[in-house]
Amino acid sequence: MKYLLDTHILIWTLTDNPKLDPAVKAILAEESHEFYPSRESVRELILKAKTGKLTLPADIDTLLFELQDAYGIRLLTVKPKHLKQLYHLATPAIHKDPFDHLLICQAIADKLTLISADRNFPRYQSQGLQLLVNKIG
């Protein structure tokens, strides 16, 4: 199966955070699955680190290497089909996060299951989002 990792799931995976649900950990440990974080998530990590909202456990090169080496994770680039999906995405007024919107569109357009703990994401399942909810956190 193919999964897109939300930014929080990516952070929690890298830091072995107890908020990461054991069921999600089991999926991440399964070598037959493919995992993709968006480059937008990496961009979000960098922006949060630069503004002091997040302390990264290592420099970005080390993190990207760890992601690829330990989990076989490949970064997902933003493609025109993702932007087209973004254009058509109906977004609730209470959910204004542009990073989230793009991740949702990438998951929908590429038919990836998005792993997230975000309470807003189930709102997009009616638009084709396949979602696996991290129940802790």
Q | FRET efficiency estimate (nearest 0.05) - Cβ-Cβ, Thr62 to Asn17, R0 22 angstrom | A | 0.80
Q) Got a sec? Charge dipole of the chain, +1 on Cβ for Lys and Arg, -1 for Asp and Glu; which of Ile60, His82, Leu4 is way out at the positive end? A) His82
Q) So which GluC sites (Glu not before Pro) in segment 7-61 end up in coil per DSSP with only 13 or fewer other C-beta atoms within 10 Å? A) Glu30, Glu31
**Q.** FRET efficiency, 1/(1 + (r/R0)^6) with R0 35 Å, evaluated for Leu89 and Met1 via beta carbons
**A.** 0.90
Q: Can you tell me the dipole magnitude for the chain around its Cα centre, using point charges on the Cβ only (Lys, Arg +1; Asp, Glu -1), in Debye to the nearest 20?
A: 600
Q) Using a Gaussian network for the chain with springs between C-alpha atoms less than 10 Å apart, which of these wobbles most: Ala107, Ala49, Ala93? A) Ala93
Q: Give me the distance in nm between label points sitting 7 Å out from Cα along the Cα-to-Cβ direction at Arg74 and Glu31, one decimal.
A: 1.8
(Q) Run through segment 40-137 and list the trypsin sites (Lys or Arg not before Pro) located in a DSSP loop whose Cβ has at most 13 other Cβ atoms within 10 Å. (A) Lys53, Arg74, Lys96, Lys111, Arg119, Lys135
**Q.** the chain: calculated mean residue ellipticity at 222 nm from DSSP helix runs of at least 4, using -39500 (n - 2.57)
**A.** -13500 deg cm²/dmol
Q. For the chain, modelled as a Gaussian network with Cα springs under 10 Å, which listed residue fluctuates most, Leu76, Leu67, Leu54?
A. Leu54
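No value in this document is a laboratory result; all are computed from the given coordinates. Keep in mind the model is a prediction, meaning the values are calculated, not measured. Here the Cβ is made from the backbone with ideal geometry for all residues, glycine too, and neighbour counts use every protein chain on show.
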